[in-house]
1. Any idea what the dipole of the chain comes to, in debye rounded to 20, about its Cα centre with Lys/Arg Cβ at +1 and Asp/Glu Cβ at -1?
2. If you take the alpha carbon radius of gyration of region 2-230 and divide it by 2.2 N^0.38 Å, what ratio comes out, to two decimals?
3. I want to verify a result. In a Gaussian network model of the chain, Cα cutoff 10 Å, which of these has the top mean-square fluctuation: R85, R183, R200?
4. As a footprinting exposure proxy, order M114, M119, M100 by other Cβ within 10 Å, with the fewest listed first.
5. Taking the Cα atoms only, what angle lies between the long axis of helix 40-49 and the longest principal axis of the chain, rounded to 10 degrees?
Amino acid sequence: MRVLKVALAAALVAMAGAAAAAERLVVVELFTSQGCSSCPPADAILAELTTRRDVLPLALHVDYWDYIGWKDDFASPAFTARQRRYSHAAGERTIYTPQMVVGGRDHVIGTKPMRLAQMIERAHGEPETVDVSVARNGPTISVAAEARAPQPGRYQVLLVTYRPSETVEIRRGENAGRRITYRNIVSSIVEIGDWDGRGRFEARHALPVGGSAAVLIQEAGTGPILAAARVP
């Protein structure tokens, strides 16, 4: 674990120069589980990423480890299905934890901080093609998106809600006896609109009570994420 922490610190330092000037908010999704003994180091990496303003780290807990003795109450079959769609889009036949997906496109084992840092830096260097803004008005949000140049295709505008932090005492399974604090735990992902990548997109949507939220614009079929914005 100490070696991993040193590598993580080095990776974050390596990211700092490019990230400081970057405008793009890079989405990093971690597919994890309370029942997976390999996942705590990746959970720790995700927690470190929550300190960055230029990265939106999201923890999606999957349900396929529940059978080994500990039910992950953050898990959802919808998140497992999302991971399977990513795997299918990448031409892979299997899914695993811990896995990170950067920008909806690049896949990496969740315990490879230097490789993760390279992917995030590369995502920051890509030209921005879509401008997205989110405004809160009481219990609702207004979302606006506009392409800097036409983006032929079909895109989903997604509202992601998540809990910033929660600590769990794990009593059974591979992590029995561990007390783990999880960060940015996704509660739901709902589609609030469909966009053709041309002209301007506008929508209003109700916000769930409590927690935090963000809006993603993603190519349909769980493809690349063109833009993201936190809900203020």
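Values quoted throughout were computed directly from the atomic coordinates according to the rules given, and no laboratory measurement underlies them. Values in this document were obtained by computation on a predicted structure and should not be read as measured data. Cβ placement follows ideal geometry from the backbone for every residue including glycine, while neighbour counts extend to all protein chains displayed.
1. 400 debye
2. Compactness ratio reported: 1.00.
3. Between R85, R183, R200, it is R200 that shows the largest mean-square fluctuation.
4. Working: M114 12, M119 20, M100 27.
Least to most surrounded, the residues fall as M114, M119, M100.
5. 40 degrees
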